[in-house]
Amino acid sequence: MKQNVFADGIGAVHITGNLVRFDLAVKQPGEANGQLEVTHRLIMPLDGFVSAFNLQEQVIRQLTQNGVLVDGRSFPAQPQTQAEIQEAE
């Protein structure tokens, strides 16, 4: 059975021996300060973590090549005003 889990980010990472634990967290609606609340924990063996990291690096390179990310870290600036939107077209 497949279970989907949503996370806005990773709250913390813990390494114990050969296991890597990710605390998956979500932003609570209405929270002005953007605090994350841990909802799940993902536990992976170290070799699985390294494989997942390599796969994520490939995806980031592809997103950067496609212009979705600017420098592999941030999204391109989006037009803010109607004039900027028309200028971008």
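The values are calculated or read from the model by the stated rules, or taken from the named source; none is laboratory data. It should be emphasised that the depicted structure is a prediction, and the values quoted were computed from it without experimental measurement. Don't worry about glycine lacking a Cβ; one is built from the backbone with ideal geometry, like all the others, and counts go over all protein chains shown.
If the condition is being out of contact with any helix residue (DSSP H, G or I) (no Cβ under 6 Å at 6 or more places or on another chain), part of a loop (DSSP other than H, G, I, E, B) and of a type outside the set (A, V, I, L, M, F, W, C), then region 10-65 contributes GLY17, GLN28, PRO29, GLY30, GLU31, ASN33, GLY34, GLN35.
The set of residues in region 36-71 that are surrounded by 11 or more Cβ atoms within 10 Å (Cβ to Cβ) and either among the polar types (S, T, N, Q) or more than 30 Å from GLY17 (Cβ to Cβ) (or both) comprises THR39, SER51, ARG61, GLN62, LEU63, THR64, VAL68, LEU69, VAL70. Among all residues of region 32-43, there is at least one that is at pLDDT 95 or above, under 25 Å from GLY72 (Cα atoms) and within 17 Å of the chain's Cα centre (by Cα).
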